[in-house]
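Report on one structure; see the data block that follows.
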Amino acid sequence: THLITMNQPPLITLPEHARRVVSQLEDHGFEAYVVGGCVRDSLLGDEPKDWDVCTNATPEQVLRVFRRRPVIKTGLKHGTVTVLEQRRPVEVTTYRIDGDYVDNRHPESVSFVGNITEDLARRDFTINAMAYSPKRGLVDAFGGQEDLARGLIRCVGEPDARFQEDGLRILRALRFAGRYDFAIEAETAYAIRRNRLLLENISAERLFSELKGILCGRGASAMLRGFPEVFAVFMPEIAPCIGFEQHNPYHLYDVWTHTALAVQAIAPEPVLRLAMLMHDLGKPACFTQDARGVGHFHGHPQKSAEAAAAILARLKSDNATRSAVVTLVEHHDDALPTTRAGMCRLIGKLGEQRVRQLFEVKKADNAAQSPYAQERNREPLLEARCLFEEVLEQHGAFRIGDLALNGRDLISIGLRPGPAIGRILAALLAEVQDGALANTQEALAARSRALIAEEENS
Ligand code: ATP
Ligand code: MG
């Protein structure tokens, strides 16, 4: 027999800028690897967002190696230097372990360590704890590759201890599982539930950003259904929805299961997914049963909108997101207009973009209901969408500003400045939307003269 030696193909192809940072450190006699998210994403066949490097060089040594390049001393005391290579930033971090954690979130200090495996051991999950260098190959001391292949999120080390060090990891676990539609390994999952109250120590901004990340994943519904009590720690409004039976022919599922399915049924954009998460929060408080035992939820959109506004304020949401989500929740159950005038008024009130989003919300809500409800709602929704496109194509008048005549025109016709101007413009808009009046300067001017005469006579 004889040995056949084959060159192993590289597991991961580094982009030029990252390859150069690694090789310059190596050329100066240090070890260097790309590490963390970029290794995970490459092994999954996804394009990494950014490439992080770790090294046994101290921050001072890193600064010396890259003295001819622009560097940013990002987090020097945590061992991180950002190097601009070919104008692209690469974070270079010295192998380190974290000291004791204060407030379940921030390590009190960090210490630099001599080898890569110790550095990998401080990282959160096995799939995030791998390093790779073209020269040294893959370092996978905790079974990250195997967990990637099996689709598992598993803590590095003892799950309880790891969540107690840093409570944010609870939501990071759900986010990575949601993003890749992975399962959470049993011990890690128990520890997430047991330690969920640690989320009380996490800042609103972090909670909100992780929440959006979880909701926008492919496995969002599995996370919402599997870990409702975790979400309820910072959104107690969801607790009454869990297991709340609806007792009507439109629904097969309890409120929370319906919610989770509705989240998954809409495009993965934060506003839309947040709207689905919150659209039925008001249901338990509005529940009534009629003589035949059928469940009703009169007024729930308003209650849900109030809950959404409260949650988003607590999570310090930006105003644009909050107002969009609250509007969508408030209107999610409205009957859609069936006339051109009604559609014009709706577009005038909410704006074109929000109405488009409202259709998406209604479609997703419907997709998570019973087949009977789906059947009943399909046609009206389709017809409303056609009407919407038609009205837009014809440049209908949606707001007073869309009229071919304005307040100054009214004054030049002879109306005295004052509140009558607004009244007449609103009347003109209503008539244009009803199709009773053409949106042209002549037609509007003629009609205004009549309306002004009426105003003066009354
Ligand atoms: P993303 O694609 O979301 O950026 P990522 O894995 O790059 O994913 P980062 O938050 O950028 O995530 O962190 C980079 C790496 O640092 C992670 O892969 C992980 O190894 C480590 N890490 C980040 N946050 C923590 C944490 N809270 N606890 C332990 N390790 C962490
Ligand atoms: Mg990253």
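The values are calculated or read from the model by the stated rules, or taken from the named source; none is laboratory data. Only a predicted model underlies this, so the values are computations on that prediction, with no experimental measurement involved. Virtual Cβ from ideal backbone geometry, glycine too; neighbours counted across all protein chains shown. Surface areas here come from the heavy atoms of the whole protein model, side chains and all, with no ligands, DNA or RNA. Shrake-Rupley method; radii C 1.70, N 1.55, O 1.52, S 1.80 Å.
Return the only residue of Ile452, Ile411 being of a type in the set (A, V, I, L, M), assigned to a helix (DSSP H, G or I), open to solvent by 60 Å² or more (accessible area, probe 1.4 Å) and free of Cβ contacts under 8 Å to residues at least 60 places away in the same chain. Walk me through how you get there before you give the answer.
Details: Ile452 fails: open to solvent by 60 Å² or more (accessible area, probe 1.4 Å).
Checking each option against the conditions leaves just Ile411.
Among the candidates Thr80, Thr74, Thr55, which residue alone is hydroxyl-bearing (Ser, Thr, Tyr) and either in contact with a Cys (Cβ under 9 Å, 6 or more places away or on another chain) or surrounded by fewer than 19 Cβ atoms within 10 Å (Cβ to Cβ) (or both)? If you could, list the steps in order and put the result at the bottom.
Numbers: Thr80 fails: either in contact with a Cys (Cβ under 9 Å, 6 or more places away or on another chain) or surrounded by fewer than 19 Cβ atoms within 10 Å (Cβ to Cβ) (or both); Thr55 fails: either in contact with a Cys (Cβ under 9 Å, 6 or more places away or on another chain) or surrounded by fewer than 19 Cβ atoms within 10 Å (Cβ to Cβ) (or both).
From the options Thr80, Thr74, Thr55, the qualifying one is Thr74.
Yes or no, residue by residue, for (1) open to solvent by less than 10 Å² (accessible area, probe 1.4 Å); (2) assigned to a helix (DSSP H, G or I); (3) touching a residue at least 60 places away in the same chain (Cβ under 8 Å):
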{"residue": "Ala239", "(1), (2), (3)": "no, yes, no"}
{"residue": "His247", "(1), (2), (3)": "no, no, no"}
{"residue": "Leu261", "(1), (2), (3)": "no, yes, yes"}
{"residue": "Ala291", "(1), (2), (3)": "no, no, no"}
{"residue": "Lys303", "(1), (2), (3)": "no, yes, no"}
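Given Glu205, Glu210, which one is open to solvent by less than 30 Å² (accessible area, probe 1.4 Å), among the charged types (D, E, K, R) and over 16 Å from Asp333 (Cβ atoms)?
Of Glu205, Glu210, the one residue that is open to solvent by less than 30 Å² (accessible area, probe 1.4 Å), among the charged types (D, E, K, R) and over 16 Å from Asp333 (Cβ atoms) is Glu210.
Within the range 158-165, identify whether any single residue is in a loop (DSSP other than H, G, I, E, B), open to solvent by less than 10 Å² (accessible area, probe 1.4 Å) and closer than 20 Å to Arg105 by Cα, and answer yes or no.
Taking the range 158-165 and keeping what is in a loop (DSSP other than H, G, I, E, B), we get 158.
Narrowing further to those that are open to solvent by less than 10 Å² (accessible area, probe 1.4 Å): none.
Looking for residues that are in a loop (DSSP other than H, G, I, E, B), open to solvent by less than 10 Å² (accessible area, probe 1.4 Å) and closer than 20 Å to Arg105 by Cα, one finds none in the range 158-165, hence no.
In the range 355-371, which residue that is over 15 Å from Met276 (Cβ atoms) and in contact with a Leu (Cβ under 9 Å, 6 or more places away or on another chain) is modelled with the highest pLDDT?
Taking the range 355-371 and keeping what is over 15 Å from Met276 (Cβ atoms), we get 355-356, 370-371.
From what's left, in contact with a Leu (Cβ under 9 Å, 6 or more places away or on another chain): 355, 370-371.
Values: Val355: 97, Ser370: 90, Pro371: 90.
Among those residues, the one meeting the criterion is Val355.
Quick one: in the range 34-52, of everything that is under 21 Å from the mean Cα position of the chain (by Cα) and within 8 Å of ligand 1 (Cβ to nearest atom), which residue is surrounded by the fewest Cβ atoms within 10 Å (Cβ to Cβ)?
Lys49
Just wondering, is there one or more residues in the range 271-286 that are open to solvent by 70 Å² or more (accessible area, probe 1.4 Å) and of a type outside the set (A, V, I, L, M, F, W, C)? Write out each step before concluding.
From the range 271-286, those open to solvent by 70 Å² or more (accessible area, probe 1.4 Å) are 285; that's our starting set.
Keeping just the survivors that are of a type outside the set (A, V, I, L, M, F, W, C) gives none.
No.
I'm checking my understanding of the structure. Among residues of the range 101-147 that are surrounded by 16 or more Cβ atoms within 10 Å (Cβ to Cβ) and on the phi > 0 side of the Ramachandran plot, which one is farthest from ligand 1 (Cβ to nearest atom)?
This residue is Gly143.
Does the range 305-317 hold any residues that are assigned to a helix (DSSP H, G or I) and open to solvent by less than 10 Å² (accessible area, probe 1.4 Å), and which are they? If you could, list the steps in order and put the result at the bottom.
Of all residues in the range 305-317, those assigned to a helix (DSSP H, G or I) come to 305-314.
Those that are assigned to a helix (DSSP H, G or I) and open to solvent by less than 10 Å² (accessible area, probe 1.4 Å): Ala305, Ala308, Ile311, Leu312.
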